[in-house]
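The values are calculated or read from the model by the stated rules, or taken from the named source; none is laboratory data. Everything numeric in this text was worked out from a predicted model, so none of it was measured. Counting neighbours? That spans all protein chains shown, and the Cβs are built from the backbone with ideal geometry, glycine included.
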Amino acid sequence: MSDKPRVFVSRVIPDVGLDRLREHCDVEVWPKPTPPRRDTLLDKVRGCHGLVTMLSDKIDESVLNTAGDGLKVVANYAVGYNNIDVAACRERGVAVGNTPDVLTDATADVAALLMLAAARCVTPAAASVRDGGWKTWAPMDHLGVELVGKTVGVIGLGRIGRAFAERCRGGWGMNVLYTANSPKPDADRDLGARRVELDELLAESDFVSLHCPLTEATAHLIDAPALARMKPTAVLVNTARGEVIDQEALHAALKENVIFAAGLDVTTPEPLPTDSPLLGLSNCVVLPHIGSATRHARGGMAIMAADNVLAGLAGHPLPHPVG
Ligand code: NAP
């Protein structure tokens with residue numbers, strides 16, 4: 001057995017990160033296209049010094065206990081880290097890292113893509129081409145809503161929220177409203193953005209896009225009363241986490257035209273079952289959590305995760321710590 005530190009990587013990630021880890025560590029990579037089951041994950045982390053985890057891996061007390069005292073670092077291959085019990089890691093002196101910034105543009109692009117796709121009825125329009133519904137140029141079919149000069153409400157004006165707001169401001173001359181924990185004077189100055197209460201944002205916005213982390217405060221932030229506050233012409237976009245929306249309430253709101261449409265990159269659960277009622281709606285676009293899915297972003301994330309692991313194993317501060 002090698003005397004190198006042992007690292008478990010719970011999915012195949014780009015070689016640019018794995019190669020970096022393999023130079024210094026004994027690396028085991030979970031090779032399958034689906035995540036390890038819980039019992040397998042527990043088995044794999046036993047005796048590990050470092051972990052590279054995905055948002056589908058719940059890293060809690062039992063994982064930490066099973067890994068044992070040798071565990072020094074958990075490097076999440078994501079910017080969101082709601083899958084990790086950070087407090088439990090801290091108690092044990094296990095460092096936790098994530099992969100911010102490198103995926104900001106890719107994710108903001110997907111939010112813009114979903115906003116356009118939902119606004120312009122892409123789901124039923126594209127389906128009609130395939131299923132023979134496209135009989136002729138039709139003056140009254142697939143009528144969407146326009147973006148220019150409208151108001152966008154960004155819930156969580158952090159890295160991705162700001163990048164999305166820049167696209168909305170620069171591309172379509174939108175007015176930007178936002179919520180965040182703290183004021184963002186740079187965005188106020190550069191984008192003419194205005195921080196408002198959530199209720200005002202919901203009532204005033206033509207497009208509402210979610211960019212906050214999933215926390216106790218944001219779980220089901222968008223519930224039935226919140227949806228009822230939105231304009232009947234409004235489009236809701238979620239590239240944050242599925243649980244930020246009460247999905248049953250969203251289904252009802254879309255079905256009853258309480259809002260115009262929604263575009264979702266994240267759902268509850270993931271993957272969304274193919275018989276989910278959301279998928280039966282023509283005014284809902286759903287993507288399989290592809291916000292960061294560009295070669296550039298995923299490669300960068302692999303390097304950052306590897307650097308986090310190597311720093312943690314060496315007892316150094318992580319280059320990309322959470323919190
Ligand atoms: P970030 O820079 O930390 O931004 C999060 C923003 O949310 C911050 O501005 C924060 O305010 C704000 N916020 C926190 N709690 C809030 C609340 N209760 N109400 C309103 N705003 C709140 O994070 P990021 O890098 O932009 O990433 C945001 C999230 O996107 C991640 O947590 C992750 O879940 C998701 N994500 C998804 C994908 C995907 O593939 N779909 C990819 C990357 C990230 P303050 O700045 O004032 O603290």
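Brief remarks on what is shown
- Within the stretch 73-86, residues that are within 17 Å of residue 219 (Cα to Cα) and free of Cβ contacts under 8 Å to residues at least 40 places away in the same chain reach partners that are part of a strand (DSSP E or B) and within 11 Å of the ligand (Cβ to nearest atom) with beta carbons closer than 9 Å, at six or more positions or on different chains, in the pairs 83/76.
- Tabulated pairs, the stretch 126-153, first within 30 Å of residue 209 (Cα to Cα), second part of a loop (DSSP other than H, G, I, E, B) and among the polar types (S, T, N, Q), C-beta under 7 angstrom, 6+ apart or interchain: 145/233; 151/205; 152/205; 153/205
- Those residues of the stretch 99-146 which are more than 18 Å from the chain's Cα centre (by Cα), assigned to a loop (DSSP other than H, G, I, E, B) and surrounded by 15 or more Cβ atoms within 10 Å (Cβ to Cβ), in sequence order: 120, 121, 134, 142, 144, 145
- Restricting the stretch 44-86 to residues that are among the small types (Gly, Ala, Ser) and within 30 Å of residue 272 (Cβ to Cβ) leaves a set whose member that is nearest to the chain's Cα centre (by Cα) is 80.
- The stretch 191-219, residues that are assigned to a helix (DSSP H, G or I) and touching a residue at least 24 places away in the same chain (Cβ under 8 Å): 191, 198, 199, 201, 202, 203, 204
- Here the stretch 196-210 is the region considered, the condition is being under 22 Å from the mean Cα position of the chain (by Cα) and more than 9 Å from the ligand (Cβ to nearest atom), and the residue that is surrounded by the most Cβ atoms within 10 Å (Cβ to Cβ) is 207.
One line per residue, one yes/no per condition, for (1) more than 11 Å from the ligand (Cβ to nearest atom); (2) modelled with pLDDT of 95 or more; (3) within 20 Å of residue 55 (Cα to Cα); (4) in a helix (DSSP H, G or I):
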site	(1), (2), (3), (4)
227	yes, yes, no, yes
258	yes, yes, no, no
270	no, yes, yes, no
288	no, yes, yes, no
296	yes, yes, yes, yes
309	yes, yes, yes, yes
312	yes, yes, yes, yes
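- Members of the stretch 146-168 that are more than 14 Å from the ligand (Cβ to nearest atom) and of a type in the set (A, V, I, L, M, F, W, C): 147, 148, 152, 168
- Only listed residue being of a type in the set (A, V, I, L, M), assigned to a helix (DSSP H, G or I) and touching a residue at least 40 places away in the same chain (Cβ under 8 Å), chosen from 163, 187: 163
- Restricting the first member to the stretch 284-303 and to residues that are closer than 16 Å to residue 271 by Cβ, and the second to residues that are part of a loop (DSSP other than H, G, I, E, B) and within 8 Å of the ligand (Cβ to nearest atom), the beta-carbon pairs closer than 6 Å and six or more apart or on different chains are 287/265; 289/265; 289/266; 291/239; 291/265.
- Residue list for the stretch 18-31, restricted to those being touching a residue at least 12 places away in the same chain (Cβ under 8 Å) and over 17 Å from residue 49 (Cα atoms): 31
For (1) more than 22 Å from the chain's Cα centre (by Cα); (2) crowded, with 23+ Cβ neighbours inside 10 Å; (3) modelled with pLDDT of 95 or more, each residue gets a yes or a no:
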residue: 172; (1), (2), (3): yes, no, yes
residue: 186; (1), (2), (3): yes, no, yes
residue: 212; (1), (2), (3): no, no, yes
residue: 219; (1), (2), (3): no, no, yes
residue: 231; (1), (2), (3): yes, no, yes
residue: 235; (1), (2), (3): no, yes, yes
residue: 251; (1), (2), (3): no, no, yes
residue: 278; (1), (2), (3): no, no, yes
